[in-house]
Amino acid sequence: MENNAQLIAQCEARAKVWLSPAFDEETRKEVQAMLDAEDKSALIDAFYQNLEFGTGGLRGIMGAGTNRMNKYIVGMATQGFANYINKAFPNMQPAVVVGHDCRNNGRMFAETVADIFSANGIKVYLFESLRPTPEISFAIRQLKCQAGVNVTASHNPREYNGYKAYWDDGAQVLAPHDKGIIDEVNKVKIEDVKFQGNKDLIIPIGGEMDWDYIAAVKEAMVDQDVILRQKDLNIVYSPMHGTGRVIIPMALRSWGFQNIHVVPEQMVIDGNFPTVVSPNPENAEAMTLGMKLGTKLNADLVIASDPDADRLAIVCRNAKGEWEILNGNQTCMMFCWYIIANKKKLGQLKGNEFLVKTIVTTEVIAEIAKKNGVELMDCYTGFKWIANEIRVNEGKKKYIGGGEESFGFLPFDKVRDKDSPASICLICEIASWARDNGMTLYDLLMNIYKEYGFSKEYTINVVRPGKTGADEIKQMMTDFRNNPPQTLGGSKVVLVKDYKTLEAKDAQGNVTKLDMPDTSNVLQWFCEDGTKVSVRPSGTEPKIKFYTEVKDASFSGAADYERCSKAAEAKIELLKKDLKL
């Protein structure tokens with residue numbers, strides 16, 4: 001009880017600071033109500049820590065308090081970011097792009113951010129209304145800005161909002177800037193924040209940027225003729241109440257698709273996401289309304305983007321004509337296969353092209369690249385690392401695509417974040433090509449498995465909340481390092497990669513160095529039979545993630561898909577036992 005009394009006292013002391021005139025009346029009322037309440041859990045949750053400005057920015061539940069997303073926390077983060085930008089670009093007037101998605105308070109936060117940047121002498125291009133994340137990344141490059149902020153919590157539940165910080169290449173900030181910004185943010189007190197904007201430095205942008213962005217997205221097109229032949233491909237699309245609602249149908253039309261239907265209930269901009277439990281396209285439940293409409297209209301494809309339109313989800317018809325939701329590994333694989341195969345056929349490959357995937361994404365992509373003589377780079381989880389490979393190789397090699405298992409792909413280099421408008425247009429082109437060749441997307445997927453090997457991937461999330469959870473996760477990683485598994489699912493572990501030490505060790509004990517731009521707390525085990533398991537603590541949530549991939553060499557065509565999938569699922573259960581999950 002002692003600890004609890006101490007914690008309550010600390011939270012009360014922090015909360016009382018929020019009763020000062022530096023905070024508006026509504027905030028003061030909300031804080032006073034928490035102080036007066038008999039149950040102190042709301043007070044503790046809101047004040048026990050500061051909402052951390054991490055390497056990607058901020059993300060948290062909205063409300064009053066130091067551990068919440070509100071205009072004061074956003075204000076202090078922006079003041080720190082502004083201080084860092086002014087130090088990093090001393091002999092010029094820096095410029096930034098500010099955008100937001102459909103979430104509650106998104107506009108208010110974006111305007112607060114714009115005011116603070118402008119009050120610090122920084123020119124601000126503020127989007128007039130909600131826009132997709134990739135368009136904000138594009139605008140930073142297009143307007144030659146030094147940085148950017150996007151107010152979004154991606155696919156988190158409705159209570160959340162967030163803040164993504166971008167640098168001058170249009171990608172989320174990486175070292176050394178991420179640590180530098182965090183240091184500046186940590187120095188800021190509420191009285192340091194310049195909330196009074198300089199309207200002369202805030203320039204609204206909108207339609208003209210949409211036009212330029214949609215023109216750029218067309219660069220991801222591989223074969224216009226295929227689309228023109230299949231322009232009546234029957235597409236159902238949902239923006240999940242978010243930012244894709246105008247741009248994505250417009251982009252599809254600009255590519256030549258003419259038979260586009262939208263899910264009306266989900267075309268409504270609404271930060272409460274009334275038609276879904278969670279606006280995450282990785283959850284099958286979020287795709288229900290789209291599939292219902294797809295059935296009614298006898299559609300070929302059902303496609304969705306998440307609220308900030310960086311991720312995409314694809315549902316196609318399987319061999320029985322039923323809806324099948326493709327996972328992120330499958331879509332990533334299809335993109336990579338199609339880009340290589342058709343650029344090759346059209347004579348567009350010059351020999352200096354490269355693809356990028358994250359280390360936890362399916363190894364079938366490595367097989368596709370190897371067999372076709374295209375360079376593949378492996379990077380850490382998170383699109384900023386894919387963007388980093390593009391930046392490092394700019395002018396030397398040609399980027400033709402990159403993606404990750406969590407429903408994100410980027411098929412061209414004008415944007416430096418996941419891009420669902422471009423990816424959705426391209427998957428519709430791939431479906432057109434398949435139809436042109438008497439196949440569905442599902443048939444194409446089966447053919448890729450047949451040629452390059454079948455694998456099934458499954459991510460296991462182990463949630464451990466609070467401080468005790470964080471300690472437990474730390475201990476799990478230590479135990480795995482000290483006592484790595486010898487066998488997994490009955491197969492011998494032949495290679496261990498540790499990205500914390502940047503060393504790979506084979507079964508004979510030979511050690512080689514891993515060539516990565518930084519260290520990361522990730523372990524990987526590769527088995528004799530092709531099984532791969534990657535383990536990493538999540539950077540944004542209280543959980544540790546196990547990414548499993550299981551192969552099956554007996555796959556010889558679509559007829560084997562169900563059998564091989566079931567066998568793989570059984571094997572994944574064995575892996576869980578071996579890892580004591």
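Between S278 and M439, the modelled label-to-label distance comes to 3.3 nm, taking each label 7 Å out from Cα in the direction of the beta carbon. If both residues of a DSSP beta bridge must be in segment 49-212, then about 45% of such bridges are antiparallel.
A simple rule links phi to the HN-Hα coupling: the Karplus curve 6.51 cos²θ - 1.76 cosθ + 1.60 with θ = phi - 60°, which for segment 198-205 gives 9, 4, 5, 9, 9, 10, x, 10 Hz, with x for Gly and Pro.
Given their separation in residues at 0.36 nm each and the Cα-Cα distance between them, L297 and K467 gain 56.2 nm when the chain is fully extended.
For Kirkwood radius over Cα pairs in Å, the value computed from the atomic coordinates appears in the list (i) 24.3; (ii) 32.2; (iii) 25.1 under label (iii). Residues whose amide H comes within less than 5 Å of that of F354, counting only those at least five positions distant or on another chain, are K398, Y399, I400 (H built at 1.01 Å from N in the peptide plane).
In this structure V463 has an accessible area near 80 Å², from a 1.4 Å probe over the protein heavy atoms. Take the Cβ atoms of K187 and E219, set R0 to 45 Å, and the FRET efficiency comes out at 0.60. Compared with the dominant Cα axis of the chain, that is its longest principal axis, helix 2-17 is turned about 70°. Cα centroids of segment 349-368 and segment 118-178: 28 Å apart.
Solvent-accessible surface of segment 455-579, taken per residue with a 1.4 Å probe and all protein chains present: 53 Å². The residues of segment 231-452 have, on average, 32 Å² of accessible surface per residue, using a 1.4 Å probe with all protein chains present. The order of the peptides 542-552, 402-412 by mean Cβ neighbours within 10 Å, most packed first, is 402-412, 542-552. In loop segments of segment 33-93 as defined by DSSP, the chymotrypsin sites (Phe, Trp or Tyr not before Pro) with at most 16 further C-beta atoms inside 10 Å of their C-beta are Y48. Close amide H pairs (under 5 Å, H built 1.01 Å from N) link K543 with R464, S538, residues at least 5 positions away or on another chain. Computed over protein heavy atoms with a 1.4 Å probe, the carbon and sulfur contribution to the accessible area of the chain reaches 50%. State whether segment 1-71 is rounded, prolate or oblate according to the following rule on the C-alpha gyration tensor (a ≥ b ≥ c being the square roots of its eigenvalues): a/c under 1.5 gives rounded; otherwise a/b larger than b/c gives prolate, and the remaining case gives oblate. Judged from the Cα gyration tensor, segment 1-71 comes out oblate (a/c at least 1.5, b/c at or above a/b). Compared with the dominant principal axis of the Cα atoms in the chain, helix 466-482 is inclined by about 40°.
What separates the Cα centres of segment 470-519 and segment 219-247 is a distance of 42 Å. Annotation: amide H-H contacts under 5 Å for A147 (H modelled 1.01 Å from N, sequence separation of 5 or more, or interchain): A95, V97. Evaluating 6.51 cos²θ - 1.76 cosθ + 1.60 at θ = phi - 60° for every residue in segment 88-97, the Karplus couplings come out as 6, 10, x, 9, 7, 8, x, 10, 9, 10 Hz, glycine and proline recorded as x.
Distance from the C-alpha centroid of segment 24-103 to that of segment 302-329: 35 Å, rounded to the whole angstrom.
In sequence order, segment 313-329 has phi-based couplings of 10, 10, 10, 10, 8, 7, 4, 8, x, 8, 6, 10, 7, 7, 8, x, 5 Hz under the Karplus curve 6.51 cos²θ - 1.76 cosθ + 1.60, θ = phi - 60°, and Gly or Pro positions carry x.
The values are calculated or read from the model by the stated rules, or taken from the named source; none is laboratory data. None of these values were measured; they are calculated from a predicted model. With ideal geometry, Cβ positions are generated from the backbone for all residues, glycine too; neighbour counts draw on all protein chains shown. To get the accessible areas, we keep the full protein, side chains included, count just its heavy atoms, and leave off ligands, DNA and RNA. Shrake-Rupley method; radii C 1.70, N 1.55, O 1.52, S 1.80 Å.
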